[in-house]
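Chemist: Got a structure here, written out as structure tokens. Questions coming.
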Amino acid sequence: MITNNHAEFSPKGKIPALWQRFDSSIPVDYRGGERVYGVYLNYESDHTGDFSVLAGFDGDTVPEHLKIENITIPAGKYLVFSRKGEMPQIAIDVWSDIWRYFTQADTEYERAFTVDFEHYVNANHIDVYMAIK
């Protein structure tokens, strides 16, 4: 799915519907060790351009009628932002932390706009890995 931040900060955002489809279609076995990921890639430019979003997991059980894509998250330098608590509030809060950090004038790190990803450790813990230069 292709989107941009302008759309996502409006009622026309596509990401919530992507996660709703994922949650209703994919049987994730958290107790068996499977984990969920949100991947942001193919950045057109910076935070103002289009980018692709994938919702996925590291499990093997996918309903046959679904089209899936296998990706490998590249090795690199990532700055990790974490939150624990109740979903979806922790996802909202961690992204607020990220936006606040990267809009500061004296930020130590600069985004690379290559591949960023969310790792849903469990229902109450999210780590977001932001690619940095």
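Chemist: Quick check on segment 58-67. Is at least one of its residues of a type in the set (A, V, I, L, M, F, W, C) and in contact with a strand residue (DSSP E or B) (Cβ under 9 Å, 6 or more places away or on another chain)?
Modeler: As a first pass, look at segment 58-67 and keep what is of a type in the set (A, V, I, L, M, F, W, C): 62, 66.
Right, trim to in contact with a strand residue (DSSP E or B) (Cβ under 9 Å, 6 or more places away or on another chain) and you get none.
Within segment 58-67 (the criterion being of a type in the set (A, V, I, L, M, F, W, C) and in contact with a strand residue (DSSP E or B) (Cβ under 9 Å, 6 or more places away or on another chain)), the answer is no, since none of the residues qualifies.
Chemist: Something else: Return yes or no: is Gly59 farther than 21 Å from His119 by Cβ and either surrounded by 10 or more Cβ atoms within 10 Å (Cβ to Cβ) or in contact (Cβ under 8 Å) with a residue 60 or more places away in the chain (or both)? Outline the logic, then answer.
Modeler: Numbers: farther than 21 Å from His119 by Cβ: no; either surrounded by 10 or more Cβ atoms within 10 Å (Cβ to Cβ) or in contact (Cβ under 8 Å) with a residue 60 or more places away in the chain (or both): yes.
Spelling it out, it is not the case that Gly59 is farther than 21 Å from His119 by Cβ and either surrounded by 10 or more Cβ atoms within 10 Å (Cβ to Cβ) or in contact (Cβ under 8 Å) with a residue 60 or more places away in the chain (or both).
Chemist: For residues in segment 111-129 being β-branched (Val, Ile, Thr) and in a strand (DSSP E or B), which is farthest from Leu41 (Cα to Cα)?
Modeler: That would be Val121.
Rundown of residues vs (1) at pLDDT 95 or above; (2) closer than 15 Å to Tyr120 by Cβ, yes/no style:
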position	(1), (2)
Pro11	no, no
Val28	no, yes
Gly33	no, yes
Tyr40	yes, yes
Thr48	no, no
Phe57	no, yes
Pro63	no, no
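Chemist: Within segment 98-116, work out how many residues are open to solvent by 100 Å² or more (accessible area, probe 1.4 Å) and under 24 Å from Ile73 (Cα atoms).
Modeler: Result for segment 98-116: 2.
Chemist: Continuing with the same structure: Only residues in segment 64-85 that are closer than 24 Å to Asp97 by Cβ count as the first member; pair them with residues that are loosely packed, with under 11 Cβ neighbours inside 10 Å and modelled with pLDDT of 95 or more, Cβ under 8 angstrom, at least 6 apart or cross-chain, and list the lot.
Modeler: Short answer, once both residue conditions are applied: Lys77/Lys133.
Chemist: Sort out which residues of segment 75-97 are surrounded by 12 or more Cβ atoms within 10 Å (Cβ to Cβ), in contact with a Phe, Trp or Tyr (Cβ under 7 Å, 6 or more places away or on another chain) and closer than 20 Å to Gly56 by Cβ, and write them in order of number.
Modeler: Within segment 75-97, Tyr78, Val94 qualify.
Chemist: Report yes if Asp93 is closer than 21 Å to Lys133 by Cβ, modelled with pLDDT of 90 or more, of a type in the set (Asp, Glu) and within 16 Å of the chain's Cα centre (by Cα), otherwise no. Spell out the reasoning first.
Modeler: On the way: closer than 21 Å to Lys133 by Cβ: no; modelled with pLDDT of 90 or more: yes; of a type in the set (Asp, Glu): yes; within 16 Å of the chain's Cα centre (by Cα): yes.
Answer is no for this residue.
Chemist: From the residues in segment 29-62 that are assigned to a loop (DSSP other than H, G, I, E, B) and aromatic (Phe, Trp, Tyr), which one is farthest from Ile15 (Cα to Cα)? Even if it seems obvious, please write down each step before you answer.
Modeler: Pass one, segment 29-62, residues assigned to a loop (DSSP other than H, G, I, E, B): 29-35, 42-50, 58-62.
Right, trim to aromatic (Phe, Trp, Tyr) and you get 30, 43.
Numbers: Tyr30: 22, Tyr43: 16 Å.
In this case the residue turns out to be Tyr30.
The values are calculated or read from the model by the stated rules, or taken from the named source; none is laboratory data. The shown structure was predicted, so the numbers you read here are calculated from the model rather than taken from an experiment. With ideal geometry, Cβ positions are generated from the backbone for all residues, glycine too; neighbour counts draw on all protein chains shown. Protein only, heavy atoms only, side chains kept; ligands, DNA and RNA dropped before computing areas. Shrake-Rupley method; radii C 1.70, N 1.55, O 1.52, S 1.80 Å.
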